[in-house]
1. Across region 152-210, what is the number of residues that are open to solvent by 40 Å² or more (accessible area, probe 1.4 Å), in contact with a Lys or Arg (Cβ under 8 Å, 6 or more places away or on another chain), in a helix (DSSP H, G or I) and not β-branched (Val, Ile, Thr)?
2. Among what's in region 1-23 and is modelled with pLDDT under 95 and open to solvent by 90 Å² or more (accessible area, probe 1.4 Å), pick the residue that is farthest from Val143 (Cα to Cα).
3. Exactly one condition in (1) open to solvent by less than 40 Å² (accessible area, probe 1.4 Å); (2) assigned to a helix (DSSP H, G or I); (3) under 21 Å from Val13 (Cα atoms) is false for Glu95; which is it?
4. Do we find that Gly9 is touching a residue at least 60 places away in the same chain (Cβ under 8 Å) and farther than 28 Å from Val172 by Cβ in this structure?
5. Can you tell me which condition Glu154 does not meet? The list is (1) under 18 Å from Arg78 (Cα atoms); (2) in contact with an Asp or Glu (Cβ under 9 Å, 6 or more places away or on another chain), and all the others hold.
6. Which of the residues spanning region 32-50 are surrounded by 12 or more Cβ atoms within 10 Å (Cβ to Cβ) and in a helix (DSSP H, G or I)?
7. With the checklist (1) assigned to a loop (DSSP other than H, G, I, E, B); (2) under 20 Å from Ile141 (Cα atoms) in hand, flag the one item His53 doesn't pass.
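The values are calculated or read from the model by the stated rules, or taken from the named source; none is laboratory data. Given the structure is predicted, the values throughout are model-derived calculations rather than measurements. Heads up, the Cβs are rebuilt from the backbone with ideal geometry, glycines too, and the neighbour counts pull from every protein chain shown. To get the accessible areas, we keep the full protein, side chains included, count just its heavy atoms, and leave off ligands, DNA and RNA. Shrake-Rupley method; radii C 1.70, N 1.55, O 1.52, S 1.80 Å.
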Amino acid sequence: SANKGMAGGVPEVYYAKCDQEKVIPNQNFLTFIEDCVVDGILDFVLKDCPGIHSTKSGGDPIVLRPVIACFDNNKFFRSLIVADVFRPEIFVALEPFCKYNQTMTKLVLSGLSKHRYFNGSQQETIANVGRALSVNPYHSISVLDLAHTELSFEATCGFVDALEMWPHGLKVLNMSHCNMNKKSSTEILNVLQRNLAMPLTIEELVLDGN
């Protein structure tokens, strides 16, 4: 069984959320977390987590919401990296994390539109992720990477709302190859100017490929 309190209480949260959603806990996930602790890994990379993708034998992939919920209030991991994970429910699962987490400094939501499930209906849920960040005055994210995730104007505006209310300095903003139109790119540049702290802290702004 997983050590109590491991990685900032991940097992306790995971078991509770699985019970709440009536799903069977995936022990391989907790073993993966334990390995991260032993190896001193503070970046949680979702695609490396066992069971994220369907198995070759046709087994069901791990249920995402209890996994992501482990990081809503987690103080052990320093970054959440969601890259090249083709699961349509990912954005809904990320909303509470963006609304409540106060300690992670890096959020990567990259390469999430390279799949047939990704369509117009997903754009509203992406926008909601941005809006969730906008109502979290205590988040610590200084690196935001959305590269290669398609953003409609609506989705872009969700992150514009977040940038407008950004509570501290942002060091890196990568929105390259997001298929943003000129109107979307202009909104991003305008909000960076409106939030007076942004020009003083941003070290890397990447908008190419749009």
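1. Counting residues in region 152-210 that are open to solvent by 40 Å² or more (accessible area, probe 1.4 Å), in contact with a Lys or Arg (Cβ under 8 Å, 6 or more places away or on another chain), in a helix (DSSP H, G or I) and not β-branched (Val, Ile, Thr) gives 3.
2. The residue in question is Ser1.
3. Against the list (1) open to solvent by less than 40 Å² (accessible area, probe 1.4 Å); (2) assigned to a helix (DSSP H, G or I); (3) under 21 Å from Val13 (Cα atoms), Glu95 comes up short only on (1).
4. yes
5. (1)
6. So in region 32-50, the residues surrounded by 12 or more Cβ atoms within 10 Å (Cβ to Cβ) come out as 32-34, 36-37, 41-50.
Hits for region 32-50 are Phe32, Ile33, Glu34, Cys36, Val37, Leu46, Lys47, Asp48.
7. Only one criterion in (1) assigned to a loop (DSSP other than H, G, I, E, B); (2) under 20 Å from Ile141 (Cα atoms) is unmet by His53, namely (2).
For (1) assigned to a strand (DSSP E or B); (2) open to solvent by 10 Å² or more (accessible area, probe 1.4 Å); (3) under 17 Å from Cys49 (Cβ atoms), each residue gets a yes or a no:
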residue	(1), (2), (3)
Lys75	no, yes, no
Val85	no, no, yes
Leu109	yes, no, yes
Leu112	no, no, yes
Ala127	no, no, no
Gly130	no, no, no
